[in-house]
Structure formats: structure tokens, C-alpha cells
Amino acid sequence: MSVVEISGNIRYVGVEDRDIDLFESQYVVPEGVTYNSYLILDEKTALMDTVDARKTKEWLENLKKELNGRTPDYLVISHLEPDHAGSIAAVVEEYPQMKLVGNARTFSMFPQFFDINIEDKKVIVAEGQELSLGSHTLQFFMAPMVHWPEVMVTYEQKEKVLFSADGFGRFGMPEDDGDWACEARRYYFNIVGKYGAQVQALLKKAAALDIEKICPLHGPVLDENLKYYIDKYDVWSSYTPEDKGVLIAYASIHGNTAKAVEELAQMLKEKGEEKVVVSDLAREDMAEVIEDAFRYDRIVLASPTYDGGLFPCMENFLMHLKSKGFQKRTAALMENGSWAPMAAKQMRQMLEDMKDITILEPVVSIRSSVNDKNREEMETLAAEITSEKKE
Ligand code: FEO
């Protein structure tokens, strides 16, 4: 992975955002996020996307430096979401002769965001169309709903670079060491997760191209071992569990449900489960727990009853899972209720609204705190969960 250098003629002009409190007003990004933008220098120059309006000034400075006295001929707009399109008005004002390259949908949505006249600047492209810059040729492929309807990706034929829009993006800084998949997976399932079928369609198009580098709109440029990243996207977008393991997602008001899930976790480990992740929905980053729900093949939901229904963070979690297309998993249920337990019924109803979810028996129903009968049920449930581990 390289940070800034892509090639002599393809320059990184993106920016870092390390002080944003919540990306898209909902995701914590402890290491920040980048808004990537690239400049291709040839007989003609093409600018690949802009950046969030939070960083317009810095980005225009980066751009000016790399242009080195030239002006951009084209701005390719792969995605109109404001984290990438937020500086379009500013760059159009700075370089009024520049043409804007987008598809029909880009330009139909454009006036929703910008009150500027671009009639004489539009270059409308369609599936497979090419645009020559000199020795470099851009080819456009539509990627609707990865992650908005107007999204398209661009393949540069000479250097074999795929400008992949949000696809293959990741939270954090490009130079962050460690596991690319960790923050890429959290990004993928929370932002693009609902659109697995559309990502699969894009992967099919990408498979027909000879790609040497992937330049996404967030995170590092990918320039080696591309099969690793493409395989991850194939697994994620097909909703196939990535790893064998049990996520126990729980809520606990006064700690009794928490104690119960700790006991269940121990039982699972004693039965040979190597990966058991216990997550407190009230305190942990919801996006991280959603990531784990998709990552592992089995999930246990444990919740108290609250106001005759589900404890709010569990309800919120299940609503998120449904909206992200959660499917093809095995689930087990534990509830707690001091006088009228209702949580299991509600969790079951919400899971039944999702696709291909198998719910194991027995459902463990705790009255305030775990008793010996519950422990027997939990042993049986742990055995059932373990027997569902597919080799
Ligand atoms: Fe990074 Fe869908 O915007």
C-alpha cells in the first residue's frame, strides 16, 4: 500500500480529516478518515473527484501544487455524496474552463446539491465509454448503489488503475499499520453492506479488467496482492460468513444478563469454540458490533425486557442489522424479564423479518438472575450452537 505516490503521472491530491467527530454523523473514526482525490497528468489533465467541504482549502492547495501551473481539463465525478463532491463548486469557480465528467444520473442529481450553471461543462458518459487524455485513457463503468445511484468507477487503461469510488475504502489513515480488513470491514458493512448484489455486479465487471492498482475514495491505495482485497469484497458482498465464531451481542440493565452471557461464553469455550466475542451493545461502538455480526457465522442475542418490549440498544442493533441486509446466519436467543419476559418474542420477530436466519432452540428465559434450570438450558443451547459450526 502506498500513501501518496501512485505513479509519475497519477498524483494523490487528497486530504486527511483527523478532527471529524463522527463520519456521516454516526461513525466514530478514532484515526480519522481520508477524502481521496487524484490527478492524472497527460496531454489533458483529469481530476478524479473532489473532497469534503471541510477540507476544500487544503485540497485546492494540494491540487495547485501538483498541477504545477497547468489547469485541470476534466473533473470526473464518480460520486455526488458530499464527502467527495463537497468541493465541486469551489473548484469550478477556480478553474471555470474545466469540463465535468459524469453519467446521466450524476447530472440529474447535480442541481440538488449545487446552484451553479454547468450546461457548457457537461461531458456525459455511459457504460464502457472511453475518454482519451493522450497516452492515458479513462473508461467508465456504472456502479449504481455502490453506494448511491449515480456512482461510477473509472478504469485507466495504460497504468491499469481502477478508481473504485467508495468500493475498497476504509476508515483511518493510509499509513496506519495493521490489519486493512479491520477498518475496511467496519466501513463496508455499515456503509455499503445493504448493497451486496450491486457490489457483486461491480466485482463481475472488475474481473474482466486487468487491474494493477485500486484507488478508492477513502484509505490506502491498494497496489499489491489485489486478490486478497477482491476476495474479501466477494465474501462480504455475498453475505458469506468470513470466520467461524460466535458473537454474543447483549444488553444488560443491572448486570444479570451480562453475567449470564459470560457463563454462556465460558460454556462455548469449554465445548471447543475458539472464537467467542462478547459485546455490550450499550457501551461498544455499534458499527463494530455490526461488523462482527457479519463477520462470524453464529450470533447470540441476549436482552432484558424493557417497558414490555426490547431494551432500546438491542432494538436499535436489530434494526441496523435488518437495514444492512443481515442474512444467512444462525442465531440463538436469551431473554431476561423479572415479571413478564417479552424480549425473546420481539427478537424472534425482528429476526424473522430477515433472510435465511435459523433460530436455535432452546430459548433461554431468565427471571432476573440465572438459576440452575437456566444453566441446563444454556448448556443445551451451547451444544446446539457448537454443533452448527460448519466445517
Ligand atoms: Fe465516501 Fe458514499 O461516500
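What the table below lists for this structure:
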quantity	calculated
Lone unmet requirement of (1) modelled with pLDDT of 95 or more; (2) part of a helix (DSSP H, G or I) for Asp210	(2)
Selected residue (only one of Ser252, Ser237 is at negative phi, open to solvent by less than 10 Å² (accessible area, probe 1.4 Å) and of a type in the set (Ser, Thr, Tyr))	Ser237
Flag for Gln198 being within 16 Å of the ligand (Cβ to nearest atom), at pLDDT 95 or above and open to solvent by 50 Å² or more (accessible area, probe 1.4 Å)	yes
Some residue of segment 266-283 being under 19 Å from Phe171 (Cα atoms) and either in a loop (DSSP other than H, G, I, E, B) or more than 16 Å from the ligand (Cβ to nearest atom) (or both)	no
Entirely in segment 56-130, the strands (runs of 3 or more DSSP E) that have 1 or more residues that are crowded, with 19+ Cβ neighbours inside 10 Å, hydrophobic (A, V, I, L, M, F, W, C) and away from the ligand (no atom under 16 Å from the Cβ)	74-76, 99-102
Of the criteria (1) surrounded by 20 or more Cβ atoms within 10 Å (Cβ to Cβ); (2) of a type in the set (Lys, Arg); (3) within 16 Å of the ligand (Cβ to nearest atom), which one Arg11 fails	(3)
Residue count, segment 132-149 (criterion: open to solvent by less than 10 Å² (accessible area, probe 1.4 Å) and under 25 Å from Ala287 (Cα atoms))	2
Residue within segment 155-164 that is among the polar types (S, T, N, Q) and not in a strand (DSSP E or B) present	yes
Test: residue in segment 234-244 that is within 22 Å of His84 (Cα to Cα), among the small types (Gly, Ala, Ser) and either within 16 Å of the ligand (Cβ to nearest atom) or out of contact with any Leu (no Cβ under 9 Å at 6 or more places or on another chain) (or both)	no
Cross-chain or 6+ apart pairs with Cβ under 6 Å, segment 152-175 first and within 14 Å of the ligand (Cβ to nearest atom), then of a type in the set (Asp, Glu)	Arg170/Glu183; Phe171/Glu183; Gly172/Glu31; Gly172/Glu183
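Let's see how each residue does on (1) in contact (Cβ under 8 Å) with a residue 24 or more places away in the chain; (2) of a type outside the set (A, V, I, L, M, F, W, C); (3) more than 23 Å from Cys215 (Cα to Cα):
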| residue | (1), (2), (3) |
| --- | --- |
| Ser87 | yes, yes, no |
| Gln97 | yes, yes, yes |
| Phe113 | yes, no, yes |
| Gln129 | no, yes, no |
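The values are calculated or read from the model by the stated rules, or taken from the named source; none is laboratory data. Predicted, not measured: the structure shown is a model, and the values here were computed from it. Ideal geometry is used to build each Cβ from the backbone, glycine not excepted, and the neighbour counts take in all protein chains shown. Quick note on the areas: whole protein, heavy atoms, side chains included, nothing else; ligands and nucleic acids left out. Shrake-Rupley method; radii C 1.70, N 1.55, O 1.52, S 1.80 Å.
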